[in-house]
Amino acid sequence: MSAERTAGDVDRILGERLRARRMEVGMSQEQLAESLGITFQQVQKYEKGVNRMAASRLLDCARALKIPVADFFEGLD
């Protein structure tokens with residue numbers, strides 16, 4: 001896999017923010033996964049920054065967690 005397609009620092013930060021917000025609203029990985037139509041294992045991979053999220057998936061996550069997409073990127077350079 002090329003370096004451009006592998007997960008990196010930003011993906012890890014987005015995953016941490018995804019997990020923090022999910023926990024803040026009291027949603028399980030299973031519940032988030034169900035609302036996104038994916039497996040909870042995929043949610044785990046997103047949260048750990050192992051897998052990158054496509055823009056459309058990030059938008060779906062933001063909608064499910066009821067936050068603006070921009071909240072995921074706040075403070076990033």
Quiz item: Per the 1.4 Å probe, what fraction of the accessible area of the chain, in percent, lies on carbon and sulfur atoms?
Solution: 49
Quiz prompt | Accessible area in square angstrom per residue, the chain, 1.4 angstrom probe | solution = 66
Quiz item: If the chain between Lys66 and Ser35 were fully stretched, how many nm would it gain, using 0.36 nm times the residue separation less the Cα-Cα distance?
Solution: 9.9 nm
Quiz item: Per-residue accessible area for Val10 at 1.4 Å probe radius, Å² rounded to 10?
Solution: 80
Quiz item: How large is the dipole of segment 4-76 about the Cα centre if only Lys and Arg carry +1 and Asp and Glu carry -1, each at its Cβ, rounded to the nearest 20 debye?
Solution: 80
Quiz item: Remind me, relative contact order of the chain in percent, using alpha carbon pairs under 8 angstrom and six or more residues apart?
Solution: 37
Quiz item: Considering the alpha-carbon set of the chain alone, what are its Rg and its Dmax in angstrom?
Solution: 11.7, 36
Quiz item: In terms of modelled amide H atoms, which long-range or inter-chain residues lie less than 5 Å from the amide H of Ala7?
Solution: Arg52
Quiz item: Do any trypsin sites (Lys or Arg not before Pro) in the chain lie in a DSSP loop with no more than 14 other beta carbon atoms within 10 Å, and if so, which?
Solution: Arg5, Lys66
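The values are calculated or read from the model by the stated rules, or taken from the named source; none is laboratory data. Keep in mind it's a predicted model, so treat the numbers as computed, not measured. Neighbour counts run over all protein chains shown; Cβ positions are idealised from the backbone, glycine included. What goes into the accessible areas is simple: the full protein's heavy atoms, side chains included, and nothing from ligands, DNA or RNA. Shrake-Rupley method; radii C 1.70, N 1.55, O 1.52, S 1.80 Å.
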